[in-house]
Amino acid sequence: MSLLTGILLAVAALIIGIVLGRFSVRSRDAGRLEQELKKAHKELESYQGQINTHFADSAALMEQLAEQYQTLYRHMAEQSKFLAKAQEPLFRESLVEEAPANVAEEPGVPPRDYAGASSGLLKQPN
């Protein structure tokens with residue numbers, strides 16, 4: 001073998017070693033990044049589960065609070081009839097059972113204008 005062939009083989013081996021080293025580092029980095037991604041997804045799913053549980057528990061507690069408030073209100077209404085000597089009832093018993101009233105009388109009918117004449121920006125100068 002000549003000296004030139006030996007040098008060329010050494011350079012070729014060096015280039016092949018560098019290329020293989022790059023690919024192996026990239027594959028290790030890809031594996032590490034994939035593991036980090038899986039870990040982040042698991043943490044996100046866990047966090048979302050905690051949020052769902054929190055809101056479900058909060059909704060149940062708010063429902064219990066509303067029921068307890070209604071019970072207290074009914075109790076106060078009943079007891080005020082016997083203990084307070086007022087002419088009119090102090091509590092409206094139907095307040096708890098009332099549904100929100102519809103504001104509009106008929107659909108498609110605009111609200112009434114109670115101002116006698118035009119006023120504000122729509123007022124036309126005389």
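Entry remark, the range 48-80: residues being open to solvent by 90 Å² or more (accessible area, probe 1.4 Å) and either of a type in the set (A, V, I, L, M, F, W, C) or in contact with a Leu (Cβ under 8 Å, 6 or more places away or on another chain) (or both) number 5 in total. Can you confirm whether residue 65 is assigned to a helix (DSSP H, G or I) and at pLDDT 95 or above? Judged against the criteria, residue 65 is a match. Check the range 86-105 and report whether any residue there is in a helix (DSSP H, G or I) and at pLDDT 70 or above. Checked against the condition, which is being in a helix (DSSP H, G or I) and at pLDDT 70 or above, the range 86-105 yields no hits at all.
Does the range 2-18 contain at least one residue that is open to solvent by 60 Å² or more (accessible area, probe 1.4 Å), of a type outside the set (S, T, N, Q), at pLDDT below 85 and not in a helix (DSSP H, G or I)? No, the conditions are met nowhere in the range 2-18.
The values are calculated or read from the model by the stated rules, or taken from the named source; none is laboratory data. Everything quoted here is computed from the prediction, not taken from an experiment. As a convention, Cβ positions derive from the backbone with ideal geometry for all residues, glycine included, and neighbour counts pool all protein chains shown. Ligands, DNA and RNA are excluded from the accessible area calculation, which covers all protein heavy atoms including side chains. Shrake-Rupley method; radii C 1.70, N 1.55, O 1.52, S 1.80 Å.
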